[in-house]
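Let me give you the structure first, and then I'll get to my questions.
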Amino acid sequence: MKKKGKEEDEKEDEEEVILGNLKLRVLLVRDPSEEILLLWALQQPALAKQNQFVDQTAVRFHIDACGYNLCILQAPSCLSASGVTGGVMWDSGVILAKFLEHAVDAQLLHLQGKKCLELGAGCGLVGCVATLLGAQVVFTDLPDRLRLLHKNVNENLSSFMTSNVASIMDLKWGDEIPSNLFKPSLDYVFASDVVYNEDVVPELLSSIRGLCSPQTTVLIAGELRNDSVLERFLELALKDFQIGRIQETSWHPSYRSQRVAIFVMPLGQGEGGDSSVILYELNERGHYCGSDQMEIMLKNFSDYYAKRKIAGDFSVSLSCLRGHGHLYCSNQYGKMIHGWPKTIRF
Ligand SMILES: C[S@@+](CC[C@H](N)C(=O)[O-])C[C@H]1O[C@@H](n2cnc3c(N)ncnc32)[C@H](O)[C@@H]1O
């Protein structure tokens, strides 16, 4: 009998599923460290060309999408300011934008009339393409990064801005989210190249959780630069979301890179109708406590909701799905703190 090769064994371990609103079979991510191994060992991102589709030194970036020639203005000088990254385009943004176009063309994705939000939009290409594909898009980023975003949205979507189909808002990850952003529910949350700093992964996920209802699908693309940051992201995300990796063969044929991964993430199934809630709460010194603060949070439990409170160096975030909620605490290094789980029925 023919012996099975290593690659065949690895293929057998991979489970293909359909997740969220995307009508496409994706590889289910079950174990973050296994996923990291697969991506780095098999895909070999370090061998692939960096900035394959972008030129971060140019002040204008042109790309054809949805029958338009989009002109994205860049601010290359931003890269000399520490921590400022949104002034130029990144490969994963181009790849996600072209994936949306390709998936809509192939009828695997429907964006017509859908309510969408882009996190960390930077120059705004992904949101612009989603708008051209018929979606109603809110572009978000840090307050001091919105000037360039406004210029790009005006330049490429002027007629959409007046009809309020495209709008821009500041949203810092982890901050309280204005309810009009997720009521009525969002259909899609998009993000590209936002998973690169381990310190802000909990805040980023707190915002993603807060924006999502069971009808929301998150599409997130990222460049494979740092395995430990991505592993941290997947570990925390798996607590609330199902995660699938979209295989490169499903991307736009001209926009593929071994350095990039695209994930689809709908909310997980929760505990199915159980109205229990697990609470963890800390005081400023990191000791667990039960207090008025907990009461305040429980009042908001009837809806899908995420909230963040800072107590000293500790951050607390809450998410809730069909009456089942988790309150997460992390220290200043973004590490989750476990202990004192309390189950409350309400
Ligand atoms: C590497 S850029 C990617 C920009 C764009 N999505 C793309 O793919 O070209 C990361 C983006 O995340 C935004 N960002 C970083 N930290 C953030 C935070 N704490 N809250 C909100 N946005 C943040 C940055 O301003 C920037 O626009």
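Of the residues Val129, Val138, Val189, Val201, which single one is free of Cβ contacts under 8 Å to residues at least 60 places away in the same chain and more than 9 Å from the ligand (Cβ to nearest atom)?
Val138
Within region 72-81, does at least one residue satisfy the condition of being small (Gly, Ala, Ser), exposed (fewer than 14 other Cβ atoms within 10 Å of the Cβ) and either within 11 Å of the ligand (Cβ to nearest atom) or closer than 18 Å to Tyr196 by Cα (or both)?
Yes.
Given the conditions (1) buried (at least 19 other Cβ atoms within 10 Å of the Cβ); (2) touching a residue at least 60 places away in the same chain (Cβ under 8 Å); (3) in a helix (DSSP H, G or I), which single one is not true for Leu157?
Only one criterion in (1) buried (at least 19 other Cβ atoms within 10 Å of the Cβ); (2) touching a residue at least 60 places away in the same chain (Cβ under 8 Å); (3) in a helix (DSSP H, G or I) is unmet by Leu157, namely (2).
Related question: Consider Ile168 against the criteria (1) surrounded by 23 or more Cβ atoms within 10 Å (Cβ to Cβ); (2) within 18 Å of Lys114 (Cα to Cα): it satisfies all of them except one. Which criterion is unmet?
So Ile168 meets the others, but not (1).
Quick check, is Gln44 of a type outside the set (Gly, Ala, Ser), out of contact with any His (no Cβ under 7 Å at 6 or more places or on another chain), farther than 27 Å from Val129 by Cα and surrounded by 11 or more Cβ atoms within 10 Å (Cβ to Cβ)?
For Gln44, the condition - of a type outside the set (Gly, Ala, Ser), out of contact with any His (no Cβ under 7 Å at 6 or more places or on another chain), farther than 27 Å from Val129 by Cα and surrounded by 11 or more Cβ atoms within 10 Å (Cβ to Cβ) - is met.
What are the residue pairs meeting all of these: first residue in region 50-63, first residue under 17 Å from Leu79 (Cβ atoms), second residue of a type outside the set (Phe, Trp, Tyr) and loosely packed, with under 12 Cβ neighbours inside 10 Å, Cβ atoms under 7 Å, and 6 or more apart or on different chains?
Partner pairs satisfying both residue conditions: none exist.
Next up: Every residue in region 165-192 that is within 14 Å of Gly127 (Cβ to Cβ), of a type outside the set (Val, Ile, Thr) and assigned to a loop (DSSP other than H, G, I, E, B), please.
Those that are within 14 Å of Gly127 (Cβ to Cβ), of a type outside the set (Val, Ile, Thr) and assigned to a loop (DSSP other than H, G, I, E, B): Leu171, Leu186, Asp187.
Among Ile208, Ile246, Ile177, Ile220, which is the only one that is more than 14 Å from the ligand (Cβ to nearest atom), β-branched (Val, Ile, Thr) and in the same structural domain as Leu96 (by TED's automatic domain parsing)?
Checking each option against the conditions leaves just Ile246.
Okay, moving on. Take the residues in region 223-239 that are under 17 Å from Gly93 (Cα atoms) and surrounded by fewer than 23 Cβ atoms within 10 Å (Cβ to Cβ); name whichever of them is nearest to the ligand (Cβ to nearest atom).
Arg225
The values are calculated or read from the model by the stated rules, or taken from the named source; none is laboratory data. Small disclaimer: the values here were computed from a predicted structure and weren't measured. Note that each Cβ is placed from the backbone with ideal geometry, even for glycine, and that neighbours are counted across all protein chains shown.
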